[in-house]
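Structure first, then comments.
The values are calculated or read from the model by the stated rules, or taken from the named source; none is laboratory data. Everything quoted here is computed from the prediction, not taken from an experiment. Please note: Cβ atoms are built from the backbone with ideal geometry, for glycine as well, and neighbour counts cover all protein chains shown. Quick note on the areas: whole protein, heavy atoms, side chains included, nothing else; ligands and nucleic acids left out. Shrake-Rupley method; radii C 1.70, N 1.55, O 1.52, S 1.80 Å.
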Amino acid sequence: MPAKLMNRIRLAEAYLLKNPMPRGMPSDITLELTNRCDLHCPMCPRDLCKRPIGDMDLELLKDVLDQAVPGLEMSDLCLDGEPLLYPELEAALRILEDRGVKTYLQTTALLLDRDKAEMLLDSGLDAIVFSLDADTRETYEKVHGAGNIEIARNNISRFLEMRSNKGSSLSVTVQLVAQKMNSHEISAFKKRWANSTVDAVRIKPLNINYHNRPREGQLVPASNVFDKSAALRCIRLWRSMTVLWDGTCVPCCYDFCGIAPIGDLKIQPLNDVWLGEKLVELRTLHSSGRLEEIPLCREWQ
């Protein structure tokens, strides 16, 4: 049986049996290549975070991947920053491709010039999401705090044309994160991109937690409101790992500010974090329906 399939089975078994110490390794990893960003979106908690700004070292990236392979299937290369600002992005994508890991990244497309588009299309990247979040210039500037929607749209159009010319299978999604200041443009957004060659048009509900509560007045609560009575186990704890640019591990990709570190891959083996006391405790709390005891989980709406 292929190693990745066996790993997935082991993780599913641990999740279903409520075993806090799965025999498998994470099947997907969020790797924050950088937390640099050129925008100031009101919906993003980054301005409330106290983390230093920096870029992931390529040797750390290689080390993490080498420990996770062969069970690792997918890597998301974005958390709290704009991945096109990462100076070693092409090298990072080659490292992932060489190890047979599918890759995904999300970008505003503002920095997607022809050279970067060429690089991404030739890099082995599997999927890209363009975060536009608006259909008009006025709304775009409110949602992103800066930037120019025409530049972003033109860059995306050129990227789609280049993809077609190359016969690339890279999957392209355009996205709008629904909130009060852009909800009136959802219909127009769908209509515009339905007539393009993108593979998917995604309207994503906005998740709110205590990090961006001071700005709740601008936001529309997410449709997937957390039901505390349901006491659902989050499968991410049995399937995923999130690594910040400096090697710090956090429980999941919703911990933008690194408030609940569970390990440090600069000084610890990945397996020691994956089966470490902190992550085992979180799985145990989820399995017993005690999500209220986890600040990161109980604050989501």
Report task. Could you tell me whether the range 156-172 includes any residue that is crowded, with 22+ Cβ neighbours inside 10 Å and part of a helix (DSSP H, G or I)? Result -> yes
Report task. Please verify whether the range 192-212 includes one or more residues that are at pLDDT 80 or above, within 16 Å of residue 41 (Cα to Cα), part of a strand (DSSP E or B) and among the charged types (D, E, K, R). Result -> yes
Requested in this report: For residue 217, state whether it is touching a Leu at 6+ places or on another chain (Cβ under 8 Å) and either modelled with pLDDT under 85 or open to solvent by less than 50 Å² (accessible area, probe 1.4 Å) (or both).
Outcome: no
**Report entry** Selected residue [at positive phi and open to solvent by less than 20 Å² (accessible area, probe 1.4 Å)] from 92, 109
**Finding:** 109
Report task. Working only within the range 259-274, note down all residues that are modelled with pLDDT of 95 or more, surrounded by 15 or more Cβ atoms within 10 Å (Cβ to Cβ) and among the hydrophobic types (A, V, I, L, M, F, W, C). Result -> 262, 265, 270, 273, 274
Query raised in the report: Of the residues that make up the range 3-17, is at least one of a type in the set (Val, Ile, Thr) and open to solvent by less than 60 Å² (accessible area, probe 1.4 Å)?
Result: no
Requested in this report: Within the range 34-44, identify whether any single residue is buried (at least 20 other Cβ atoms within 10 Å of the Cβ), in contact (Cβ under 8 Å) with a residue 24 or more places away in the chain and either within 23 Å of residue 268 (Cβ to Cβ) or hydroxyl-bearing (Ser, Thr, Tyr) (or both), and answer yes or no.
Outcome: yes
Query - Boolean, residue 126 is over 19 Å from residue 201 (Cα atoms) and modelled with pLDDT of 95 or more - result: no
Report task. Could you please find all residues in the range 283-298 being exposed (fewer than 15 other Cβ atoms within 10 Å of the Cβ) and outside any helix (DSSP H, G or I)? Result -> 288, 289, 290
Report summary line: Selection from the range 44-65 of residues farther than 11 Å from residue 86 by Cβ, under 18 Å from the mean Cα position of the chain (by Cα) and not in a loop (DSSP other than H, G, I, E, B) yields 45, 46, 47, 64, 65
Requested in this report: Scan the range 72-79 and give yes if some residue there is crowded, with 23+ Cβ neighbours inside 10 Å, of a type outside the set (Asp, Glu) and over 23 Å from residue 53 (Cβ atoms), otherwise no.
Outcome: yes
Report task. Could you tell me whether residue 75 is of a type in the set (Ser, Thr, Tyr), farther than 12 Å from residue 32 by Cα and touching a Leu at 6+ places or on another chain (Cβ under 9 Å)? Result -> no
Query raised in the report: Does residue 256 count as within 15 Å of the chain's Cα centre (by Cα), modelled with pLDDT under 90 and in a loop (DSSP other than H, G, I, E, B)?
Result: yes
Requested in this report: Could you pull out the residue among 196, 171 that is polar (S, T, N, Q) and within 23 Å of the chain's Cα centre (by Cα)?
Outcome: 171
Report task. Considering every residue within the range 52-60, establish whether at least one is crowded, with 17+ Cβ neighbours inside 10 Å and in contact with an Asp or Glu (Cβ under 9 Å, 6 or more places away or on another chain). Result -> yes
Report task. Kindly indicate the residue of the range 119-154 that is of a type in the set (Ser, Thr, Tyr) and outside any loop (DSSP other than H, G, I, E, B) and also surrounded by the fewest Cβ atoms within 10 Å (Cβ to Cβ) among those meeting that condition. Result -> 139
Requested in this report: Sort through 183, 223 and tell me the only one that's over 16 Å from residue 106 (Cβ atoms), modelled with pLDDT under 90 and open to solvent by 10 Å² or more (accessible area, probe 1.4 Å).
Outcome: 223
Query - Lone qualifier among 104, 86 - being hydroxyl-bearing (Ser, Thr, Tyr), open to solvent by 30 Å² or more (accessible area, probe 1.4 Å) and closer than 23 Å to residue 256 by Cα - result: 104
